[in-house]
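Here's the structure we're looking at; comments come further down.
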Amino acid sequence: MNKEVRVRFAPSPTGALHIGGVRTALYNYLFARKLGGKFLLRIEDTDQTRFVPGAEEYIKNALEWLNISPDESPWSPGDCGPYRQSERKPMYMQYALDLVEKGHAYYAFDTSEELDAMRERLTAARVVSPQYNAITRTQMKNSLTLPEDEVKARLASGDPYVIRIKIPRKEEVRLNDMIRGWVMVHSNTLDDKVLMKSDGMPTYHLANIVDDHLMGITHVIRGEEWLPSAPLHVLLYRYFGWEDTMPQFAHLPLLLKPDGNGKLSKRDADKHGFPVFPMDWTDPSTGEKAMGFKQAGYLPDAFLNFLAFLGWNPGDHREIFSLAELIEAFSIERIGKSGTKFDINKAKWFNEQYLRSKTDQELSRYLLEDVENDGLSVSEEKARQIVAIMKERATFPTDLWKEGMFMLIAPQQFDESVASKKWNQEAVTVLTTYKEKLSSSSEVLTADSAKALLEESAAANDIKFGKVMQAVRLAVTGVGAGPDLMAVFEIIGREELISRISYALDTLKIQS
Ligand code: GLU
């Protein structure tokens, strides 16, 4: 029987979760659901200097909003806890010591001054990227160069030390990435990374490998920025003797700026005025604010659909996928190798599709709330009617009221540019007749009857109906464009229509 698939999303709580991180979480979620496995979330907070209060809560809320909450996490633990690395601190040292014992890691006692001096020496000798590695380690203060007695004495007296991995001098490290295929790296490009810091905390590399192993992770799906670390991780699995259960790696392509030049950043978001975070975020130390997709009016299912397509596609022309359909269609094989350009217009397009697929009843709730917030009131039926004619024109739920408020609030002003071109004697004549015809009946006005009366009013004056349409719209709505005008007349009703036409006839002047 195949082993249960277990994947994890392993964010560091260093600020708001960037959209790239949300995509990583989504792909992990889809992969786990598709294969009937488990989706875990582990908080990687070993770097206490970068810890930001509220960041973990933010991650939790963002995933909840998108309905992709993990099966196991700090807030819904399974059997492999704790799910925060800071709480796992006592576990890691034994693994680092195990590597020291096997000769794959060593103690290093170099002070930061000594490390700086080493770098300066190498830079002066024109070494491009000075590293602590197989060559330079021989000139440094570590358990490979110091006499055994001195090492013991230093350890016993509590001298500060780190534990570094001993990268082999000449070896080809290979890994078969599910997206990229075989990746080969020569060990002489790797450095002796610190595994255990002097404060007794593991580094990301050690903690990540130990935890993935202990948590039974079968596949590591993460951003491309971690690909350079993967050879080191492969070596760690080997040195621990865990090669048989080493997870399969899948490194996701980068999310690129809209013009394709470089990685998408918060600066792009600020520059172009679009969000790159799932939800609003205020940095607790700087007070700096970042805009979220949620508060910008994106529907969670639309945002998810958009995210899924940032690097993956189903291989045909379908684009609208519910979460269940995404699970069904998802496969790592269909994730592209190259970076994906971020296109906010595509996000808007998805939002429009999802908005339109909602019933008038569902959408009217947004409108009713916005109307109430503006201190006005509207009946549920009327709200539904407004929604029905506005939803084809809306990108966000708030547009329903923003663009449709003219139906409840009569215009006080008229668009000058339309008035100067379209408000003429013919319009005044037709509207005067129309007003009379509307006043002489008391039947409930429908779109059809409103139209028939308007056509009659034009014909009675021998004026072409089409010629005055924009002026009629201007008189009733204040602007030159909008949704189906006769449907608007039905919603605002006979009395209000008469009153608006009277006001326009009194206010608007014919310009020569
Ligand atoms: N803590 C890493 C991050 O913040 C996780 C990388 C990984 O998934 O291995 O992205």
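Brief remarks on what is shown
- C-alpha center-to-center spacing [segment 327-377, segment 1-53] in angstrom: 24
- If you take all other residues with their beta carbon under 9 Å from the beta carbon of residue 255, and give Lys and Arg +1 and Asp and Glu -1, the sum is +4.
- Cβ-defined net charge surrounding residue 373, 14 Å radius [Lys, Arg +1; Asp, Glu -1]: -2
- Evaluated over the Cα positions of segment 276-403, the convex hull gives a direction-averaged projected area, one quarter of its surface, of 10.4 nm².
- Assuming charge only on the beta carbon of Lys and Arg (+1) and of Asp and Glu (-1), the dipole of the chain about its Cα centre is about 1300 debye to the nearest 20.
- Cβ-derived FRET efficiency at R0 56 Å, residue 341 paired with residue 159, nearest 0.05: 0.60
- Proximal lysines to residue 421, defined as alpha-carbon separation beneath 17 angstrom and excluding residues fewer than eight positions away on the same chain: 464, 467, 509
- Taking other residues whose beta carbon is less than 14 angstrom from the beta carbon of residue 309, and scoring Lys, Arg as +1 and Asp, Glu as -1, yields +1.
- For segment 415-430, 3J(HN,Hα) per residue [Karplus equation, 6.51 cos²θ - 1.76 cosθ + 1.60, θ = phi - 60°, Hz, x = Gly/Pro]: 4, 4, 5, 6, 4, 5, 8, 10, 7, 9, 4, 4, 5, 4, 4, 4
- Taking max minus min of the alpha-carbon positions on each principal axis, the chain gives extents of 111, 56, 39 Å, largest first.
- Pairwise FRET efficiency - residue 405 versus residue 283, Cβ, R0 = 45 Å, nearest 0.05: 0.85
- Phi angles across segment 205-219 convert, under the Karplus curve 6.51 cos²θ - 1.76 cosθ + 1.60 with θ = phi - 60°, into 3J(HN,Hα) values of 4, 5, 4, 4, 6, 4, 5, 4, 5, 5, 8, x, 5, 9, 9 Hz, Gly and Pro given as x.
- C-alpha long axis of helix 112-124 to longest principal axis of the chain, angle in °: 90
- Between helix 230-240 and the chain: long-axis angle, C-alpha atoms, 0 to 90°, nearest 10: 40
- Separation of the alpha carbons by more than 25 angstrom is noted, of 193/289; 266/346; 38/266; 289/358; 263/358, for 193/289; 38/266; 289/358; 263/358.
- Taking the empirical scaling 2.2 N^0.38 Å for compact globular proteins as reference, segment 454-504 has a Cα radius of gyration ratio of 1.11.
- Given their separation in residues at 0.36 nm each and the Cα-Cα distance between them, residue 176 and residue 362 gain 62.2 nm when the chain is fully extended.
- Inter-part distance where segment 200-277 and segment 446-465 are each reduced to a Cα centre, Å: 67
- Kirkwood hydrodynamic radius of segment 109-149, from inverse mean 1/r over distinct Cα pairs, in Å: 10.8
- Residues listed by number, segment 396-410, amide nitrogen under 19 Å from residue 369 label point at 7 Å toward C-beta: 396-405
- Normalising the average separation of contacting C-alpha pairs (under 8 angstrom, six or more residues apart) by the number of residues puts the relative contact order of the chain at 12 percent.
Every read-out reported here was derived from the displayed coordinates using simple, explicitly stated rules and does not represent laboratory data. These numbers were taken from a predicted model, which means no experiment stands behind them. Cβ coordinates were reconstructed from backbone atoms using ideal geometry, including for glycine residues, and neighbour counts include every protein chain displayed.
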